[in-house]
Amino acid sequence: MSDCIFCKIIGGQIPSSKVFEDEMVYAFRDIEPMAPVHVLVVPKVHIPSADGVNTENSAYVARIFEAIPQIAAAEGLTNGYRVITNCGEDGCQTVKHLHFHILGGKKLPETMA
Ligand code: AMP
Ligand code: ZN
């Protein structure tokens, strides 16, 4: 999508701090980290949110979840981490391109909502 910030990051039109890339997945550091490690993992196709996952594109999600343990290991997250995706208005999703936050490097708060 031409006006999508994460599509522009994937395409190299907006700079990012890349931590992982393969033919389906791109991962980069969050610009406003909420933990010592805060990485965003995104599909290289524009899927608007978790609510837009379907049988046509779910292979991208599977590949993301194959990449996550590799990214976590490379980031030194040996004591665990959290994976979050915010979806839609009530989920407080701000960027409308599916992304999974990897948060770690400290003991995270227990509360989720
Ligand atoms: P969400 O609120 O789940 O949609 O998360 C969007 C995330 O994208 C936020 O944590 C932002 O800090 C992050 N973000 C927005 N723009 C950029 C950017 N240019 N580079 C890296 N992270 C970004
Ligand atoms: Zn996009």
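Are any residues in region 65-97 of a type in the set (Val, Ile, Thr) and within 17 Å of Phe20 (Cα to Cα), and if so, which ones?
Hits for region 65-97 are Ile68, Ile71, Val83.
Restricting to region 46-62, count the residues that are buried (at least 17 other Cβ atoms within 10 Å of the Cβ) and not in a loop (DSSP other than H, G, I, E, B).
So the count comes out to 2.
Looking at region 70-86 only, could you name the residues that are over 19 Å from Phe6 (Cβ atoms), open to solvent by 50 Å² or more (accessible area, probe 1.4 Å) and within 13 Å of the chain's Cα centre (by Cα)?
Across region 70-86, the qualifying residue is only Arg82.
Do the conditions hold for Leu108, that is, is it within 10 Å of ligand 1 (Cβ to nearest atom) and either exposed (fewer than 15 other Cβ atoms within 10 Å of the Cβ) or assigned to a loop (DSSP other than H, G, I, E, B) (or both)?
Taking the combined requirement at face value, the residue does not satisfy it.
Any residue in region 53-72 that is in contact with a Gly (Cβ under 6 Å, 6 or more places away or on another chain) and at negative phi?
no
Does Ser16 satisfy being polar (S, T, N, Q), modelled with pLDDT under 95 and touching a helix residue (DSSP H, G or I) at 6+ places or on another chain (Cβ under 9 Å)?
So Ser16 fails the test.
Every residue, every condition in (1) in contact (Cβ under 8 Å) with a residue 12 or more places away in the chain; (2) within 16 Å of ligand 2 (Cβ to nearest atom), yes or no:
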| site | (1), (2) |
| --- | --- |
| Ile14 | no, yes |
| Pro36 | yes, no |
| Pro43 | yes, yes |
| Ala72 | yes, no |
| Leu77 | yes, no |
| Cys92 | no, no |
| Leu103 | yes, no |
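For region 2-43: of the residues being within 13 Å of the chain's Cα centre (by Cα) and of a type in the set (Asp, Glu), which is surrounded by the fewest Cβ atoms within 10 Å (Cβ to Cβ)?
Once the filter is applied, the top-ranked residue is Glu21.
Within region 63-94, how many residues are aromatic (Phe, Trp, Tyr) and not in a helix (DSSP H, G or I)?
Residues in region 63-94 being aromatic (Phe, Trp, Tyr) and not in a helix (DSSP H, G or I): 1 in total.
Could you check, for region 46-65, whether at least one of its residues is away from ligand 2 (no atom under 16 Å from the Cβ), in contact with a strand residue (DSSP E or B) (Cβ under 8 Å, 6 or more places away or on another chain), closer than 24 Å to Cys92 by Cα and of a type in the set (Gly, Ala, Ser)?
Within region 46-65, not a single residue is away from ligand 2 (no atom under 16 Å from the Cβ), in contact with a strand residue (DSSP E or B) (Cβ under 8 Å, 6 or more places away or on another chain), closer than 24 Å to Cys92 by Cα and of a type in the set (Gly, Ala, Ser).
The values are calculated or read from the model by the stated rules, or taken from the named source; none is laboratory data. All of these numbers come straight from a predicted model, not from anything done at the bench. Here the Cβ is made from the backbone with ideal geometry for all residues, glycine too, and neighbour counts use every protein chain on show. What goes into the accessible areas is simple: the full protein's heavy atoms, side chains included, and nothing from ligands, DNA or RNA. Shrake-Rupley method; radii C 1.70, N 1.55, O 1.52, S 1.80 Å.
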